(Lines give C-alpha, C1' and ligand atoms only; values in the text may rest on other atoms or scores of the structure.)
Protein backbone atom coordinates (compact mmCIF):
# COMPACT_ATOMS: atom_id res chain seq x y z
CA UNK A 1 0.00 0.00 0.00
CA UNK A 2 2.85 2.38 0.84
CA UNK A 3 4.50 1.78 -2.55
CA UNK A 4 1.18 2.25 -4.34
CA UNK A 5 0.51 5.52 -2.54
CA UNK A 6 4.00 6.83 -3.32
CA UNK A 7 3.65 5.92 -7.00
CA UNK A 8 0.28 7.68 -7.16
CA UNK A 9 1.59 10.77 -5.41
CA UNK A 10 4.72 10.99 -7.58
CA UNK A 11 2.69 10.60 -10.76
CA UNK A 12 0.19 13.19 -9.64
CA UNK A 13 3.00 15.55 -8.61
CA UNK A 14 4.58 15.30 -12.06
CA UNK A 15 1.23 15.91 -13.72
CA UNK A 16 0.48 18.87 -11.48
CA UNK A 17 3.90 20.39 -12.04
CA UNK A 18 3.46 20.10 -15.79
CA UNK A 19 0.03 21.69 -15.62
CA UNK A 20 1.24 24.38 -13.25
CA UNK A 21 4.09 25.28 -15.60
CA UNK A 22 1.67 25.48 -18.51
CA UNK A 23 -0.76 27.63 -16.53
CA UNK A 24 2.05 29.89 -15.37
CA UNK A 25 3.09 30.35 -19.00
CA UNK A 26 -0.44 31.35 -19.92
CA UNK A 27 -0.61 33.61 -16.90
CA UNK A 28 2.61 35.34 -17.95
CA UNK A 29 1.31 35.74 -21.49
CA UNK A 30 -1.78 37.43 -20.13
CA UNK A 31 0.30 39.65 -17.85
CA UNK A 32 2.66 40.79 -20.62
CA UNK A 33 0.11 40.82 -23.40
CA UNK A 34 -3.31 42.42 -23.57
CA UNK A 35 -4.25 44.11 -20.29
CA UNK A 36 -7.77 43.76 -18.96
CA UNK A 37 -8.64 46.55 -16.59
CA UNK A 38 -12.29 45.64 -16.13
CA UNK A 39 -14.33 42.62 -17.16
CA UNK A 40 -16.51 44.97 -19.19
CA UNK A 41 -13.51 45.86 -21.41
CA UNK A 42 -13.64 42.43 -23.05
CA UNK A 43 -16.11 40.02 -21.44
CA UNK A 44 -14.89 36.95 -23.38
CA UNK A 45 -11.19 37.45 -22.64
CA UNK A 46 -12.03 38.48 -19.09
CA UNK A 47 -14.01 35.30 -18.57
CA UNK A 48 -11.11 33.20 -19.83
CA UNK A 49 -8.65 35.08 -17.64
CA UNK A 50 -10.79 34.58 -14.57
CA UNK A 51 -11.13 30.86 -15.31
CA UNK A 52 -7.38 30.62 -15.82
CA UNK A 53 -6.70 32.21 -12.46
CA UNK A 54 -9.14 29.76 -10.88
CA UNK A 55 -7.45 26.81 -12.61
CA UNK A 56 -4.00 27.96 -11.48
CA UNK A 57 -5.21 28.37 -7.90
CA UNK A 58 -6.72 24.87 -7.94
CA UNK A 59 -3.54 23.31 -9.30
CA UNK A 60 -1.43 25.10 -6.73
CA UNK A 61 -3.75 23.79 -4.00
CA UNK A 62 -3.48 20.25 -5.36
CA UNK A 63 0.31 20.56 -5.34
CA UNK A 64 0.25 21.74 -1.71
CA UNK A 65 -1.99 18.79 -0.86
CA UNK A 66 0.40 16.38 -2.57
CA UNK A 67 3.37 17.80 -0.68
CA UNK A 68 1.42 17.67 2.58
CA UNK A 69 0.29 14.08 1.98
CA UNK A 70 3.84 13.00 1.17
CA UNK A 71 5.23 14.58 4.33
CA UNK A 72 2.42 13.16 6.49
CA UNK A 73 3.00 9.63 5.19
CA UNK A 74 6.78 9.97 5.49
CA UNK A 75 6.60 10.85 9.18
CA UNK A 76 4.00 8.12 9.73
CA UNK A 77 6.28 5.57 8.13
CA UNK A 78 9.25 6.74 10.22
CA UNK A 79 7.19 6.62 13.42
CA UNK A 80 5.86 3.14 12.67
CA UNK A 81 9.43 1.99 12.16
CA UNK A 82 10.39 3.37 15.55
CA UNK A 83 7.38 1.67 17.13
CA UNK A 84 8.44 -1.57 15.53
CA UNK A 85 11.91 -1.19 17.09
CA UNK A 86 10.32 -0.61 20.51
CA UNK A 87 8.15 -3.71 20.16
CA UNK A 88 11.10 -5.85 19.08
CA UNK A 89 13.11 -4.69 22.09
CA UNK A 90 10.17 -5.32 24.45
CA UNK A 91 9.88 -8.83 23.04
CA UNK A 92 13.60 -9.43 23.56
CA UNK A 93 13.32 -8.26 27.16
CA UNK A 94 10.26 -10.45 27.79
CA UNK A 95 12.15 -13.51 26.49
CA UNK A 96 15.18 -12.58 28.57
CA UNK A 97 13.07 -12.11 31.70
CA UNK A 98 11.53 -15.54 31.30
CA UNK A 99 14.71 -17.57 30.85
CA UNK A 100 14.91 -18.44 34.56
CA UNK A 101 18.53 -17.40 35.04
CA UNK A 102 18.05 -13.76 36.11
CA UNK A 103 19.03 -12.36 39.47
CA UNK A 104 16.71 -9.85 41.19
CA UNK A 105 19.08 -7.13 39.99
CA UNK A 106 18.75 -8.37 36.40
CA UNK A 107 14.97 -8.33 36.61
CA UNK A 108 15.02 -4.80 38.05
CA UNK A 109 17.12 -3.60 35.10
CA UNK A 110 14.76 -5.29 32.66
CA UNK A 111 11.76 -3.72 34.39
CA UNK A 112 13.31 -0.26 34.23
CA UNK A 113 14.05 -0.60 30.54
CA UNK A 114 10.51 -1.88 29.92
CA UNK A 115 9.15 1.19 31.68
CA UNK A 116 11.26 3.40 29.43
CA UNK A 117 9.99 1.55 26.37
CA UNK A 118 6.43 2.24 27.48
CA UNK A 119 7.24 5.95 27.85
CA UNK A 120 8.77 5.93 24.38
CA UNK A 121 5.71 4.20 22.90
CA UNK A 122 3.35 6.78 24.41
CA UNK A 123 5.56 9.55 23.03
CA UNK A 124 5.42 7.98 19.57
CA UNK A 125 1.65 7.58 19.85
CA UNK A 126 1.40 11.35 20.24
CA UNK A 127 3.63 12.17 17.26
CA UNK A 128 2.71 15.37 15.44
CA UNK A 129 3.27 16.68 11.94
CA UNK A 130 2.86 20.40 11.35
CA UNK A 131 1.12 20.71 14.71
CA UNK A 132 -1.32 17.87 14.00
CA UNK A 133 -1.46 14.58 15.91
CA UNK A 134 -1.08 12.01 13.17
CA UNK A 135 -2.76 9.08 14.99
CA UNK A 136 -5.75 10.96 16.47
CA UNK A 137 -8.09 10.46 13.51
CA UNK A 138 -10.16 13.55 12.75
CA UNK A 139 -9.20 15.13 16.10
CA UNK A 140 -5.76 16.20 14.94
CA UNK A 141 -5.64 19.03 17.50
CA UNK A 142 -5.78 16.58 20.43
CA UNK A 143 -3.21 14.15 21.82
CA UNK A 144 -4.12 10.47 21.50
CA UNK A 145 -3.25 9.26 25.01
CA UNK A 146 -1.83 10.29 28.36
CA UNK A 147 1.41 9.10 29.97
CA UNK A 148 -0.32 6.00 31.33
CA UNK A 149 -1.51 4.84 27.92
CA UNK A 150 -5.11 5.90 28.52
CA UNK A 151 -6.97 7.30 25.51
CA UNK A 152 -7.76 11.01 25.83
CA UNK A 153 -10.25 11.00 22.96
CA UNK A 154 -12.92 8.83 21.40
CA UNK A 155 -11.48 7.38 18.21
CA UNK A 156 -12.76 5.07 15.52
CA UNK A 157 -10.97 3.16 12.79
CA UNK A 158 -13.35 4.85 10.35
CA UNK A 159 -11.72 8.26 10.95
CA UNK A 160 -9.76 8.15 7.73
CA UNK A 161 -8.27 11.39 6.45
CA UNK A 162 -8.20 11.90 2.67
CA UNK A 163 -6.38 14.63 0.77
CA UNK A 164 -7.66 15.73 -2.63
CA UNK A 165 -4.70 15.61 -5.01
CA UNK A 166 -6.49 16.12 -8.31
CA UNK A 167 -9.89 16.36 -9.88
CA UNK A 168 -11.66 13.23 -8.68
CA UNK A 169 -8.46 11.91 -7.08
CA UNK A 170 -7.85 11.64 -3.36
CA UNK A 171 -5.53 9.63 -1.14
CA UNK A 172 -5.92 8.12 2.32
CA UNK A 173 -3.00 9.35 4.40
CA UNK A 174 -3.50 8.40 8.07
CA UNK A 175 -3.43 5.41 10.40
CA UNK A 176 -5.77 5.66 13.39
CA UNK A 177 -4.57 5.22 16.94
CA UNK A 178 -7.35 2.75 17.66
CA UNK A 179 -6.11 0.58 14.83
CA UNK A 180 -2.53 0.68 16.12
CA UNK A 181 -2.93 0.71 19.88
CA UNK A 182 -6.26 -0.96 20.59
CA UNK A 183 -6.14 -4.20 18.63
CA UNK A 184 -8.02 -2.62 15.70
CA UNK A 185 -11.02 -1.85 17.94
CA UNK A 186 -12.63 1.57 18.35
CA UNK A 187 -11.70 3.26 21.63
CA UNK A 188 -13.36 5.74 23.98
CA UNK A 189 -11.73 8.39 26.12
CA UNK A 190 -10.73 6.75 29.40
CA UNK A 191 -10.02 3.33 27.86
CA UNK A 192 -6.55 1.91 28.38
CA UNK A 193 -4.74 1.10 25.16
CA UNK A 194 -4.61 -2.64 24.56
CA UNK A 195 -0.99 -2.38 23.47
CA UNK A 196 0.09 -0.30 26.46
CA UNK A 197 -1.81 -2.66 28.77
CA UNK A 198 0.55 -5.38 27.54
CA UNK A 199 3.50 -3.28 28.67
CA UNK A 200 1.79 -2.78 32.05
CA UNK A 201 1.30 -6.53 32.43
CA UNK A 202 4.96 -7.22 31.69
CA UNK A 203 6.08 -4.55 34.14
CA UNK A 204 3.73 -5.93 36.82
CA UNK A 205 5.11 -9.44 36.28
CA UNK A 206 8.64 -8.16 36.65
CA UNK A 207 7.66 -6.34 39.85
CA UNK A 208 6.33 -9.62 41.20
CA UNK A 209 9.67 -11.26 40.45
- Scan region 46-58 and give yes if some residue there is more than 39 Å from the chain's Cα centre (by Cα), at pLDDT below 85 and surrounded by 11 or more Cβ atoms within 10 Å (Cβ to Cβ), otherwise no. yes
- Kindly indicate whether residue 153 is closer than 24 Å to residue 65 by Cα and touching a residue at least 12 places away in the same chain (Cβ under 8 Å). no
- Item | Residues that are surrounded by fewer than 19 Cβ atoms within 10 Å (Cβ to Cβ), out of contact with any helix residue (DSSP H, G or I) (no Cβ under 7 Å at 6 or more places or on another chain) and within 30 Å of residue 98 (Cβ to Cβ), drawn from region 114-151 | 116, 119, 123, 146, 148, 150
- Message: I'd like to know if region 82-101 contains one or more residues that are part of a loop (DSSP other than H, G, I, E, B) and either surrounded by 15 or more Cβ atoms within 10 Å (Cβ to Cβ) or in contact with a helix residue (DSSP H, G or I) (Cβ under 8 Å, 6 or more places away or on another chain) (or both).
- Response: no
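The values are calculated or read from the model by the stated rules, or taken from the named source; none is laboratory data. In this text the structure is predicted, and so the values were computed from the model without any measurement. Glycine gets a Cβ as well: all are built from the backbone with ideal geometry, and neighbour counts include every protein chain shown.
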